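These notes concern the structure reproduced below.
The values are calculated or read from the model by the stated rules, or taken from the named source; none is laboratory data. Since this is a predicted model, take the numbers as computed values, not measurements. Using ideal geometry, Cβ is built from the backbone for each residue, glycine included, and neighbour counts are taken over all protein chains shown.
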Amino acid sequence: MRRIALTMLALCALLVAAPAASAQDSLAPKGALPHWLPTKKWVYEHWLPFDEGRLYRLLEADRKAIWRHLRDDAAHDLEQLGRRRGYTPERLAAALVAPRAGKVSAATLRTLRARAYRVLTQGHMSQHILFHSLHQRTIPLAAPRLFGTASVEEYLQLRRAELSPLQIGRQHGRTRTQMQRDIVAALRATNAEGVRTGMITRKQARILLDRQLRQVPRWLGQSRYNGPPQTGTKGAQSIPLLPPGDYANNPSISADGDTVVFDAYRAKIPEAKRFGEISVVSYQVGEGRLLPISHPLAPSGPLAPRSAYNSAVSGDGRTVIYEQAEGNLNFAKRYSEMQVLARTRPAVRAATSVSHPASRRKRSRSAYNPSVSADGRFVAFEATDDGGGTKPSRNGVWVRDLVRGTDRLIGEGSGGAIYEPRLLGDGSGLLVTAADAGSDGHTLVYLRGLTAEKTTLVSRATGADGTAATADADQPAGSHDGSIVVFASAAPNLGARAGHARIFVRDVAAGSTTAISPRDGFAFDPAVSADGRFVAYALRRGASPTRSSVWLHDRVTGATTLVSRRANGTAADGYNAEPAVSADGTRVAYTSTGGTLSRRKAANLAGVFLYDRKTGTTTLLSTHAPLKAKASTAGAAARPTGEYLCPLAP
């Protein structure tokens, strides 16, 4: 639900900066982008024509070795590994599909052999099929059923605006449990179709489905689009409809309001290849300058991009946590499993692995959605662990004590799965949303004590035993000691209209639940000051899902102030969201795609701003260096492209 921005993916923006680059695929049409893929269902749905285990045996290489080889997918392909073992690509393709002989028709076997040859000889295609398992068409093509959108095109428009699938579904009346259940069913059906038609073996389909299902919890809440930008067609060429440029989002703020940490996206491919597509930076308000966090020093070797994102800063401003993943060598596109890191300033330069410490090696783990206590000692995160083939994969929430070096599993599973961990500032408790196994499947907000280990239902009507929210409650945030908890919900029994989420404040000691946002809008992204007095949130009103504003509510005076506003007091244009509040509510950092807040940022590019309530001023913190290349729309016709995919072929 975070990182909302109406802008182009930085990766695809990079491609515009190098128009002379040609497609890697030998069958790509003239003018196709470098990362072009053929518009074939078997390619998009990852129907590998052979068992990958057989590939590893014939090449005498494991999956990690192939990952390293294909990281440079412009210069490397699987054919090269085959020739080292004495195979021509034709012989290797035949050997890979040989076990299918007698199990499929002769015509199908020829088709599988031809597809195997394509996988072996095209580096980007093999990287896509083997390692981008959830980059597919099944989900977007079923978007009206899965997320409630009016059309596939509407869903793609909202994704390109960097609304997460979870947020899209919530705005259309779907619960998280409904979405996850229906997505799983859709992916199962697609894999079953591949098996039924002989395009993929039953064994390989099970491997693929397991990988996809492990990624669904993270993907649902990921607002970062990571797919093709809005494009048009001019002849056989794909043309971006927006000019590329650097952008930034996902701000967090220290207790004193002097440090704002956020994610910065690079739009120049040489910089992205050297330092990563996304980096974490800090803006020191008192000094008026930006400082690098995730990459304070040059990388140890050439072409070693690592993207760092989804950052958060501790209350004391010293510890920054973030997700990190290795990047593709050619476009710096994120290409590896995610892990959570912590960096303490200024004494410690090296980042510490929070989710993947040497003492807890996992077969495979993706960790994400981190939260940190005010003193930087505790870090909470979600993690999906591979069962190793003998046990089912599991999704859980963990808390790591960075001082003692210990881990604690807070909860896991599917029937009672928990998400969105948010640590209290004092580290005494953890807020989560959980799909209560005893309910109808919607998520509720709980406060889990980490000292007393008591679990309290927060999303409930006024009263110590008030009824639980009758619709999804999510996006929790708490005051320093957890006495005040804010969350979003469209539950009618709390005072919301169906499909119109409001922001609620739960006074844990008093047992009261109060709505603070309007009843006729859709409110989201709540944040609360450390003392619990000020609550910031984003609000969408009207028909446009890509227009919203940020507000700050004072629980003492009852006044609500427009934060995302111009110098003359009028509301900013664009999408304004992701507020973060200082301890005393004086400063609010937020993300805006608007073009009227600063001349230094183009409209539709997300930027991070800081609003000072005392002075009434708004300052742009992020940088937005434009590229020289301009997008041309002359003669271009807009068309939708695939979700989480390289652009479709013309």
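Points worth noting:
- In region 60-123, counting only helices (runs of 4 or more DSSP H) that sit wholly within it, the ones holding 3 or more residues that are out of contact with any Asp or Glu (no Cβ under 6 Å at 6 or more places or on another chain), crowded, with 17+ Cβ neighbours inside 10 Å and modelled with pLDDT of 95 or more span 78-84, 89-97, 106-121.
- Test result for Q180, assigned to a helix (DSSP H, G or I), buried (at least 20 other Cβ atoms within 10 Å of the Cβ) and at pLDDT 95 or above: no
Rundown of residues vs (1) out of contact with any helix residue (DSSP H, G or I) (no Cβ under 6 Å at 6 or more places or on another chain); (2) of a type in the set (S, T, Y); (3) surrounded by fewer than 24 Cβ atoms within 10 Å (Cβ to Cβ); (4) modelled with pLDDT of 90 or more, yes/no style:
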| site | (1), (2), (3), (4) |
| --- | --- |
| Y322 | yes, yes, no, yes |
| A325 | yes, no, yes, no |
| L329 | yes, no, yes, no |
| Q339 | yes, no, yes, yes |
| V348 | yes, no, yes, no |
| S355 | yes, yes, no, yes |
| Y368 | no, yes, yes, yes |
| V372 | yes, no, no, yes |
| D375 | yes, no, yes, yes |
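- Cβ-Cβ under 6 Å pairs, at least 6 apart or on other chains, region 322-336 side farther than 18 Å from A351 by Cβ and not assigned by TED's automatic domain parsing to the domain that holds W36, far side surrounded by fewer than 24 Cβ atoms within 10 Å (Cβ to Cβ) and of a type in the set (G, A, S): N330/A74
- Candidates in region 572-596 are the residues that are assigned to a strand (DSSP E or B) and of a type in the set (V, I, T); of these, the one that is surrounded by the most Cβ atoms within 10 Å (Cβ to Cβ) is T591.
- Pair list, Cβ under 7 Å, 6 or more apart: region 497-521 residue within 17 Å of D474 (Cα to Cα), other residue β-branched (V, I, T) and assigned to a loop (DSSP other than H, G, I, E, B): I503/I516; V505/I516; R506/V458; T513/T462
- The numbered conditions (1) at pLDDT 90 or above; (2) surrounded by 21 or more Cβ atoms within 10 Å (Cβ to Cβ) are all true for L450 except (2).
- Residue in region 167-177 that is of a type in the set (S, T, Y), closer than 30 Å to L220 by Cα and assigned to a helix (DSSP H, G or I) present: yes
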